[in-house]
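The values are calculated or read from the model by the stated rules, or taken from the named source; none is laboratory data. Just so it is clear, the model here is predicted, and its values are computed rather than measured. Virtual Cβ from ideal backbone geometry, glycine too; neighbours counted across all protein chains shown.
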Amino acid sequence: MSLPGHVIEYLQDAFAAETRPFCFLIDEHGSLVATWGDPAWCGLQDFAPGTNMLEATPYIVGILDDEPHKLNFVTTGAGVIVHLRTIPHESQHYVVLLDAGEQHDFLQQKQQSSNELRLLHRGQQRLIARQRDLISDLVEAKAELDHLRREAERSSASKSQFIAMMSHEFRTPLASIVNYADLALEDGVSDNQIHKSIEAIGRSGRHLTSLVEALLDDARLEGGHIELREKFFDLYDLLDDLAAMMAPLAAEKALSYATLVDADVPRRVRADEVRLRQILINLLGNAIKFTEEGSIRLLVTYHDGRLAAAIIDTGPGISAEDQDKVFRAFERGSQSGRAGAGLGLTITMRLAHLMGGDISLDSSPGRGCTVSVHVPVSTAPTADSRQDPALPTPDEDVCATRPTSILILDDDEDMLALIEHYLHRAGYGLIVSSSGSEAISKAVAYKPDLVILDVNIPGINGIDVALNLRRQGFDKPIVALTASTLSAAEQASFTRYFQKPAKMPALLAEVKRLTHDD
């Protein structure tokens with residue numbers, strides 16, 4: 001259905017008034033043939049026929065072909081925004097320019113409004129997120145304040161309980177001293193009874209002294225009034241003194257006592273000897289006090305500048321609930337019925353922290369208890385300092401004579417360091433791994449000349465690593481290191497296998513044979 005003629009005429013007039021069409025006709029060479037309309041509004045001149053319009057309107061270049069083209073929002077040389085239409089006619093082209101300035105401005109304003117709305121939305125989202133963060137911070141702050149309040153209440157209750165307990169602790173020996181003193185002063189008391197009274201008074205006095213010393217130590221530690229006095233001393237002499245002191249106490253309860261010192265522990269160390277002695281006496285004394293049968297062991301090790309002492313007993317053990325209490329000041333575990341101030345482990349832990357160390361507890365009811373203390377120490381640079389002997393340099397006949405890379409898989413740090421030392425000094429390049437999956441990845445990526453595998457490692461073991469590498473086409477020698485015996489089928493997965501502890505010269509000789517014999 002076609003529109004009425006007067007409607008079509010109205011629309012044409014309205015369109016022409018709004019877009020102000022300017023049309024020009026050019027020939028196949030781009031020369032102007034004729035023009036229609038006013039060219040001034042679009043920044044063009046009233047060109048004479050024959051003018052090269054490709055130069056005057058370069059934006060039409062490239063679109064003059066056999067098809068009509070429509071380009072919107074084209075900027076002319078004068079900076080006017082137009083819609084461009086090209087209409088082919090025989091060998092000529094009609095070019096129509098329509099005023100698009102108002103439409104362009106409208107779209108710009110619309111885009112600007114959209115951008116402003118988007119920015120406003122982002123600002124609102126950031127504000128909402130900030131409000132959420134503030135609410136979360138307020139909730140966390142309230143929870144922290146509630147926690148601190150409960151801790152303060154608990155601490156206050158614990159201190160009140162501690163004061164009541166200490167009142168009893170002091171009253172008991174004081175009552176003993178007063179009563180035995182009165183007994184010794186009575187008429188007709190025998191010399192033997194007077195002697196026993198004096199012994200009882202002495203015991204109660206010493207107990208009171210230990211209580212006072214414990215309280216003073218705890219107060220000084222809490223107030224930061226104790227300073228470390230570090231010096232070099234003979235650690236072995238200290239351990240001998242502790243054994244001489246603790247072994248008779250353990251023997252009185254029919255307990256065995258042993259001090260076990262790892263071969264890597266240096267003889268002379270620098271630390272606060274007095275505080276270290278106090279820590280070990282407290283821990284050993286507790287172990288003997290609460291162990292009724294079995295043994296007490298002191299295990300001493302050293303690694304990377306830290307001295308570790310583990311006190312292992314076969315006592316009743318400590319429940320998980322009591323483990324949270326025993327290191328707290330003013331609190332005791334379920335076995336607190338024993339004599340004492342209940343501050344021994346608190347003081348011990350604070351001393352360990354003062355020395356830059358820490359204390360850990362591993363225990364469960366009925367399975368004994370292990371308390372470990374770790375403190376940093378310095379070794380003495382003197383001739384009598386116990387040091388590991390230097391590892392000898394490998395013989396020249398086992399040293400690498402050409403670039404050779406070796407992948408080592410071992411989860412034992414000491415064994416890894418030992419093998420690394422020998423192979424490095426023998427001139428081999430090393431790739432180190434501590435897990436089976438990592439070893440497979442590195443072997444595939446770096447293609448070493450030889451692989452040394454520890455068989456017994458967690459996760460993917462050495463045998464599975466070797467089988468996996470063979471399946472992936474790795475054809476270089478694979479040497480096994482194991483502390484166990486391999487079956488014939490398991491040995492078949494390796495080029496060579498060594499039983500731990502392997503003799504380094506033999507291992508080096510085999511490595512050279514496998515990597516250098518062509």
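Within the option set GLU273, GLU292, being in the same structural domain as VAL373 (by TED's automatic domain parsing) and free of Cβ contacts under 8 Å to residues at least 40 places away in the same chain holds for one residue only, GLU292. Within region 281-289, does at least one residue satisfy the condition of being more than 17 Å from ALA352 (Cβ to Cβ), loosely packed, with under 14 Cβ neighbours inside 10 Å and not aromatic (Phe, Trp, Tyr)? Checked against the condition, which is being more than 17 Å from ALA352 (Cβ to Cβ), loosely packed, with under 14 Cβ neighbours inside 10 Å and not aromatic (Phe, Trp, Tyr), region 281-289 yields no hits at all.
Being closer than 15 Å to THR86 by Cβ, surrounded by 12 or more Cβ atoms within 10 Å (Cβ to Cβ) and touching a residue at least 24 places away in the same chain (Cβ under 8 Å) is a property that holds for GLY30. Somewhere in region 40-55, is a residue aliphatic (A, V, I, L, M), under 25 Å from ALA14 (Cα atoms), assigned by TED's automatic domain parsing to the domain that holds GLU18 and surrounded by 13 or more Cβ atoms within 10 Å (Cβ to Cβ)? Yes - at least one qualifying residue is present in region 40-55.
Conditions (1) touching a Ser or Thr at 6+ places or on another chain (Cβ under 8 Å); (2) surrounded by fewer than 14 Cβ atoms within 10 Å (Cβ to Cβ); (3) in a helix (DSSP H, G or I), marked per residue:
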site: LEU3; (1), (2), (3): no, yes, no
site: PHE24; (1), (2), (3): yes, no, no
site: ASP66; (1), (2), (3): no, yes, no
site: GLY79; (1), (2), (3): no, yes, no
site: ARG85; (1), (2), (3): no, no, no
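The helices (runs of 4 or more DSSP H) falling completely within region 413-482 that include 2 or more residues that are acidic (Asp, Glu) and over 18 Å from ALA506 (Cβ atoms) map to 413-425.
Contact annotation: residue pairs with Cβ atoms under 9 Å, 6 or more positions apart or on different chains, pairing a residue in region 1-16 that is in the same structural domain as GLY37 (by TED's automatic domain parsing) and among the small types (Gly, Ala, Ser) with a partner that is modelled with pLDDT of 85 or more and not in a helix (DSSP H, G or I), are ALA16/GLY37.
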